[in-house]
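The values are calculated or read from the model by the stated rules, or taken from the named source; none is laboratory data. As the structure is a computational prediction, the values presented were derived from the model and not from experiment. Reconstructed Cβ throughout: ideal geometry from the backbone, glycine too, with neighbour counts over all protein chains shown. For the accessible areas, the whole protein counts, side chains as well, though only heavy atoms, and no ligand, DNA or RNA atoms are used. Shrake-Rupley method; radii C 1.70, N 1.55, O 1.52, S 1.80 Å.
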Amino acid sequence: MYEILLAEKLNGSVMKMVISAPLVAKKCLAGQFIILRVDEVGERIPLTIFDYDRKSGTVSIIFQIVGATTRKLSLLKKGDYLFDFVGPLGNPTNTNDINKVLVIGGGVGTAIAFPICKELYESKKEVDAIAGFRNKELVILEDDFRDVTKQFFIMTDDGSYGEKGLVTEKLEKLILSGSNYERVYAIGPLPMMKFVSKVCDKYNIPVIVSMNSIMIDGTGMCGCCRLLVDGKVRFACIDGPEFDGTKVDYDEAIKRNKMYFKEEREKDCNLLRRIDE
Amino acid sequence: MNRVEMRLLDIDKRKTTFEEVALGYNKKEMLDEASRCLNCKNKPCVSGCLVNIDIPKFIDFLKKDNVDEAYNVISKSSLLPGICGRVCPQETQCEAKCIRGIKGESIAIGRLERYVADNAAKNFVFSESEGKAKVAIIGSGPSGLSCAGTLSTLGYDVTVFEAMHKFGGVLIYGIPEFRLPKTIVSEEIEKLEKLGVKFIKNVVFGKTIDINDLIDEGYKAIFIGCGAGLPNFMGIPGENLNGVYSANEFLTRVNLMKASDERYDTPLGDLGDVVVVGGGNVAMDASRCALRAKAKSVSLVYRRDFEQMPARKEEVLHAQEEGVNFNVLTNPCEILGDELDNIVGVKCVKMELSAPDSSGRRRPVEIKNSQFIKKANTVIMAIGNNPNPLIKNITPAIKLNQKGCIEIDENHMTSLPGVFAGGDIVTGAATVILAMQAGKESAYSIDKYLKNKL
Ligand SMILES: Cc1cc2nc3c(=O)[nH]c(=O)nc-3n(C[C@H](O)[C@H](O)[C@H](O)COP(=O)(O)OP(=O)(O)OC[C@H]3O[C@@H](n4cnc5c(N)ncnc54)[C@H](O)[C@@H]3O)c2cc1C
Ligand code: FES
């Protein structure tokens, strides 16, 4: 059992939790993820590690309430326990051999982009970041990002905060204004990663994306996290989660992620009913 | 007298519930079957058993209805009789060597073994751990369990590390409830806990902990039994459509995550018409699980003929009885989807067997212009697994062969001294009993190695 040491809302639908998991905290690096199970009947879901503290043996996660499991998770409080919490899984971000990078986060993906920023920043690299949200209410982690970046830009779809527009517009502007990024990291909704990769490809800048596939075991055993990269089947849990953004088949990934949409919605309703009762 | 048949669950119940299909012998049936044993002096059956259970001796106790003594005889050689009695391919092992089988039917050794396991009182005398060296076991499948149990009886301080949230490996997430009830597996694991074995879940060797961590924590030897994880796909168009599963994923969803049980959260969705590809035991398990998970229809597609099917005859028969349609000499060449990437059908081609080649094998070859489309909403690929890919990243000091399996010497030791391995990660996908044998032999090798070293 893994104790929840902190549970707080970052915005209407995004939560942060700090979990006591000493073995995971001892080993984890930026870019890796964990798989958790809320209770005895729970499904296994992957979440990227947001932050960790090796000394106190804690791991932080940030999640958006999207389906049945994240809703269940959001109802837990400080002092409650998770049934299972395993990791760190996947390969850590490779931050070697680069000096100037741009990190782009979209929505809750911003949380996943944060540890990469932090690690690059702590290893004395020049890091800029763009975070995109639909509107002001949804903005998260602004201060955290300011602490670990040289320049930090917030974009909102409706212009209610930061600049109005899409992250890709800002990306293109930055590139054209002569920021010589050696690499771009993009983490967020699949369509966002798709279009960021297109822009990067156009300007010949290497781009890395982090794929949040549906997973069960996270150790290469089931194959449900598979995706097409450069025409080949790869497993997000053991070959990724990061891949060359210009090689990923996003359209297929988008459809695969919708696979259980209907069941999720129904379960969600059942769950809500149970909670209401 | 012929072999006593085992009663089976009512066919209608079989199609709708996950209850065990083979019901086991009652006392009279056991006594009748045991009485057929000739108690041969040279015991050919024992040589057919990979862990050398003294079969005539335990059957002799059964003849006197002394189940507890029979259990003690089996326990000397096997730690998991309740499991082996159910899933071992006895017809090619002990029972194949039975003298009775030459003229008539061999003794139903597996069924008797199961009777013993299910009915013995199991009052063990548990030896206190003698405070011998610490040994780490990676993986809680049959190889890890038998290595852990054997080491524990030898007095070692044993800890099992498992990546998943439940212990048992394929016994838990692969082999379905209706062939191997999970309570049997949990009982065997509880038995090991009582023997003093410690079990730690949610630890992925190579990620959560590595070899140096184990050495730092004082472990003197390591046994790797992490199974053959990575599922194969065919490489045909449409394999990433929604509703295409590896057998591992499908069986894990159903068996481990209980996706077809409404109380559990893991989704499975409406299976509709299901096509299972493959001809092994895994394909049979997947087909029969799909039926029970309310598929509209289940068809199995296999590129060779019935005679070449690697699955046990009994499993094929059970699948047929339950209503799985068999399409032999048929191979899928494309999975067809709609605009939302949901499966609508499988394009298949008919096959025929070529004339025997130099090795005597008849290869399946396509029959020209024989393509047809099979209606389907779900496709399950049961065409084998490759070795667990996490292992290769752990340390280059552990040598792998070309297939990615761990190489071992005659003592089950890998190229890294003190690290042993066994089970599917060494042999490729094989059987429960082979994995158990490897675990047990490794335990004795570890004992020898540590005695020499310390
Ligand atoms: C559906 C199906 C049906 C089968 N039916 C039969 C049958 O009827 N009869 C028969 O004899 N055989 C059968 N088999 C084969 C048999 O189950 C296997 O040969 C046997 O389980 C292999 O045992 P093992 O100990 O090597 O590995 P597994 O049983 O595969 O166990 C390996 C364990 O290690 C864990 N693990 C993996 N990597 C790590 C890591 N890095 N760190 C920590 N833990 C890890 C896994 O989670 C797993 O629990 C079947 C197999 C399947 C899939
Ligand atoms: S999650 Fe099962 S193989 Fe990746």
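Between A:Lys9 and B:Ala397, the FRET efficiency from the beta-carbon distance, with R0 = 30 Å, is close to 0.05. Between B and A, roughly 3800 Å² of accessible area is buried in total, ligands, DNA and RNA not counted and the probe set to 1.4 Å. Put the Cα centre of region B:130-196 next to the Cα centre of region B:85-116 and the gap is 26 Å.
For B:Lys296, B:Lys220, B:Lys191, the ranking by accessible surface with the largest value first comes to B:Lys296, B:Lys220, B:Lys191, using a 1.4 Å probe. Lysine pair count for region B:294-440 with Cα-Cα distance under 16 Å and sequence separation of 8 or more or different chains is 9.
Using Cα pairs under 8 angstrom and six or more residues apart, how large is the relative contact order of region A:93-197, in percent?
Relative CO of region A:93-197 lands at 32 percent.
Close amide-amide hydrogen proximity is noted between B:Val298 and B:Val274, B:Asn325, each under 5 Å apart and 5 or more residues distant or on a separate chain (H modeled in the peptide plane; Pro and chain starts excluded).
Summarising the amide proton neighbourhood of A:Ile130: residues at separation of 5 or more, or on other chains, whose placed amide H is nearer than 5 Å comprise A:Val103, A:Ile104, A:Gly105, A:Phe153. The longest part of chain A holding none of the exposed loop trypsin sites (Lys or Arg not before Pro), meaning those outside H, G, I, E and B in DSSP with at most 10 other Cβ atoms within 10 Å, is A:125-277.
Taking chymotrypsin sites (Phe, Trp or Tyr not before Pro) across region A:182-236, the ones in a DSSP loop with at most 13 further Cβ atoms lying within 10 angstrom of their Cβ are A:Tyr203. Relative to the longest principal Cα axis of chain A, at what angle does helix A:109-122 sit, 0 to 90 degrees, rounded to 10? Between helix and principal axis, roughly 60 degrees. Averaging the sequence gap over all C-alpha pairs within less than 8 Å and six or more residues apart, then dividing by the number of residues, gives chain B a relative contact order of 16 percent. Restricting attention to region B:233-383, close to 45% of DSSP beta bridges with both partner residues there are antiparallel. Full extension of the chain segment joining A:Asp97 with A:Lys258 gains 54.3 nm, where the gain is 0.36 nm per residue of separation less the Cα-Cα distance.
Surface composition of region B:218-319: carbon and sulfur atoms hold 51% of the protein heavy-atom accessible area at a 1.4 Å probe. Restricting to bridges with both residues inside the protein assembly as shown, how much of the DSSP beta-bridge set is antiparallel, in percent to the nearest 5? Beta bridges within the protein assembly as shown, antiparallel portion: roughly 50 percent.
On the beta carbon distance between B:Phe372 and B:Asn26, with R0 = 56 Å, the FRET formula returns roughly 0.70. Taking every lysine pair in region B:11-119 that is 8 or more places apart or spans two chains, those with Cα atoms closer than 23 Å amount to 26. Sequence-ordered 3J(HN,Hα) estimates for region B:30-41 from the Karplus curve with 6.51, -1.76 and 1.60 and θ = phi - 60° stand at 4, 5, 4, 5, 4, 5, 6, 5, 8, 6, 4, 5 Hz, glycine and proline given as x. The mean count of C-beta atoms from other chains within 10 Å of the C-beta of residues in B:191-204, rounded to a whole number, is 2. Return the whole-Å distance between the Cα centroid of region B:423-454 and the Cα centroid of region A:22-92. Result: 34 Å between the Cα centres. Under a no-solvent Debye model with one identical scatterer per Cα of the protein assembly as shown, what's log10 I(q)/I(0) at q = 0.05, 0.11 Å⁻¹? Here log10 of I(q) over I(0) equals -0.28, -1.25.
Helix A:261-276 and the longest principal axis of the Cα set of chain A meet at an angle near 50°. A straight line joining the Cα centroids of region A:105-177 and region B:27-56 runs 72 Å.
Consider a paramagnetic label point 7 Å from the Cα of A:Lys136 along Cα→Cβ; state which residues of region A:8-52 have an amide N under 17 Å from it. Flagged as within label range: A:11-12. Pairs with C-alpha atoms separated by more than 20 Å, drawn from the list B:Lys220/B:Lys451; B:Lys122/B:Lys194; A:Lys136/A:Lys258; A:Lys9/A:Lys136; A:Lys194/A:Lys247; B:Lys166/B:Lys194, are A:Lys136/A:Lys258. For chain B, the antiparallel share of DSSP beta bridges with both residues in that region comes to about 35%.
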